[in-house]
Amino acid sequence: MALVGLVGCDLLEFSPNDHRVPEEFTNLTEKNLAKLAARPLPAGDTLRFVFTGDSQQFYDEAEALVASVNQQPGVAFLVVAGDISDFGLAREMRWVDEKLRRLSVPYVTVIGNHDLVGNGREAYQHIYGALDYSFVYGDTKFTLLDTNGREYSFDGSAPNMGWLKPQLTNLDGARRQVVISHVPPTNDDFDPALRAPYVQALRDAPGLVFEMNGHNHGYSITQPYNDGVTYVNSDAFSQRHYMVVTVWGNRQFRIKRVKF
């Protein structure tokens, strides 16, 4: 009888690598994008969103971040640039979601290298969804993708250039675009054989405002290749800062770093 009670209360854990979770904690990307679509941004309006990354095991910081973001006016959604978990465990992803679902706005994620540890890939796909996906909100197309090359032994599969190039070419009716991933091309964890084609694809992308990453756990806004393409890197939750990003016009933007 005690065992039945534990199962009924969702307290019995068969394995730390078990990615089974209640239905409400599955397909979160699709569910959050549906929430975002229900709050449309009129064409031509300024877009404001929050950018952060690397939540990992910083659960207290996650609570503080949510409280702060909920005080920000005019924010449409929040982006977590990967490493939602530390050990690729479903329970870690679920714990972070339990904090972030208290946001007053939807949130989306990309997969980080820590999310690929063990059976993390399967857990992420089950809980969040696709590793590579795109969506249009207002006048902006967002393309989010897996760039964790080292986790694939640099086998040429991440980033998936065959998928990415058509995404960058077709704005799907948007005026501008933003690309978001976890590992930046300047980092040694990015597949070195794909660095040049990735950077070139961004250089050729019409209406690209910037490319955004996590992984480095530190705030930066740079143009490392001196080609006019701006790369934005987020603080980790542990740094207790996030960015409020405002985008308007063709490629105009402003970024404010907020302490929480």
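The values are calculated or read from the model by the stated rules, or taken from the named source; none is laboratory data. Here the structure is a predicted model, which is why all the values come from computation and not from measurement. FYI the Cβ positions are ideal-geometry reconstructions off the backbone, even for glycines, and counts take in every protein chain you see. What goes into the accessible areas is simple: the full protein's heavy atoms, side chains included, and nothing from ligands, DNA or RNA. Shrake-Rupley method; radii C 1.70, N 1.55, O 1.52, S 1.80 Å.
Numbers below:
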| item | result |
| --- | --- |
| Residue within the stretch 176-187 that is part of a strand (DSSP E or B), within 23 Å of ASN70 (Cα to Cα) and open to solvent by less than 50 Å² (accessible area, probe 1.4 Å) present | yes |
| Any pair with Cβ under 8 angstrom, 6 or more apart, that starts in the stretch 208-237 at a residue that is farther than 11 Å from VAL179 by Cα and without any contact (Cβ under 8 Å) to a residue 12 or more places away in the chain and ends at one that is surrounded by fewer than 23 Cβ atoms within 10 Å (Cβ to Cβ) and of a type outside the set (Gly, Ala, Ser) | THR222/THR230; THR222/TYR231; GLN223/VAL229; GLN223/THR230; GLN223/TYR231 |
| Residue tally, condition open to solvent by 10 Å² or more (accessible area, probe 1.4 Å) and part of a helix (DSSP H, G or I), over the stretch 200-212 | 4 |
| Members of the stretch 163-176 found to be within 19 Å of the chain's Cα centre (by Cα) and either farther than 18 Å from ALA130 by Cβ or β-branched (Val, Ile, Thr) (or both), listed by number | ARG176 |
| Filtered residues of the stretch 152-180 (kept if in contact with an Asp or Glu (Cβ under 7 Å, 6 or more places away or on another chain), over 11 Å from ALA205 (Cβ atoms) and not aromatic (Phe, Trp, Tyr)) | GLY156, ALA158, PRO159, ASN160, ALA174, ARG175 |
| Yes/no for TYR225 being under 26 Å from VAL96 (Cα atoms) and surrounded by fewer than 23 Cβ atoms within 10 Å (Cβ to Cβ) | no |
